[in-house]
């Protein structure tokens, strides 16, 4: 299930609650179809592992990326050493080869360190966004669950009452 599907399910649950019949003299209570609401909540809960799986996939991709960078650095180091050994005939050639080899290794290690840092920052950002998204979804689900529990004791012939218009903070933003 995609992230957009979770948002759609949450929007449906929100609409169900906001459009539910209000209970007379019960300003914060309404009547909703329990099975329908529970089905929506179960679908939302079922979709959460996919967000976690995506985060794990990104961590694995980062580890693979770092591993490849290390292999490339090692390959460059070995290549530089082989070139240096083949030029052993003259002292000046050896000095130049060692200097270039060290420079290549240093550049490769710097590149590897930068790639590791960038990949780590990216994964950290994605994990933070996933964590924030999960936290927001959980709060929405808990709020809906609370509303469902509150409505449990309400009367079926009640008139719907809308407390307020939804605000931007009522909606989950996935970036």
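Overview of values
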{"quantity": "Options 164, 155, 128; residue that is modelled with pLDDT of 90 or more and surrounded by fewer than 14 Cβ atoms within 10 Å (Cβ to Cβ)", "calculated": "128"}
{"quantity": "Checklist (1) closer than 30 Å to residue 58 by Cα; (2) modelled with pLDDT of 90 or more applied to residue 146, failing item", "calculated": "(1)"}
{"quantity": "Flag for residue 17 being modelled with pLDDT of 80 or more, assigned to a helix (DSSP H, G or I), in contact with a strand residue (DSSP E or B) (Cβ under 7 Å, 6 or more places away or on another chain) and under 30 Å from residue 137 (Cβ atoms)", "calculated": "yes"}
{"quantity": "Of all residues making up the range 89-137, the number that are part of a helix (DSSP H, G or I) and farther than 30 Å from residue 5 by Cβ", "calculated": "28"}
{"quantity": "In the range 115-125, the residues that are surrounded by fewer than 14 Cβ atoms within 10 Å (Cβ to Cβ) and either on the phi > 0 side of the Ramachandran plot or touching a helix residue (DSSP H, G or I) at 6+ places or on another chain (Cβ under 9 Å) (or both)", "calculated": "120"}
{"quantity": "Some residue of the range 68-82 being at pLDDT 85 or above, exposed (fewer than 13 other Cβ atoms within 10 Å of the Cβ) and either in contact with a helix residue (DSSP H, G or I) (Cβ under 6 Å, 6 or more places away or on another chain) or more than 30 Å from residue 121 (Cα to Cα) (or both)", "calculated": "yes"}
{"quantity": "Unique residue being at pLDDT below 90, surrounded by 15 or more Cβ atoms within 10 Å (Cβ to Cβ) and within 23 Å of the chain's Cα centre (by Cα) when the list is 172, 141", "calculated": "172"}
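The values are calculated or read from the model by the stated rules, or taken from the named source; none is laboratory data. Note that the coordinates shown come from a computational prediction; the quantities given were computed from them, not determined experimentally. Methodologically, a virtual Cβ is constructed for each residue, glycine included, from the backbone with ideal geometry; neighbour enumeration extends over all protein chains shown.
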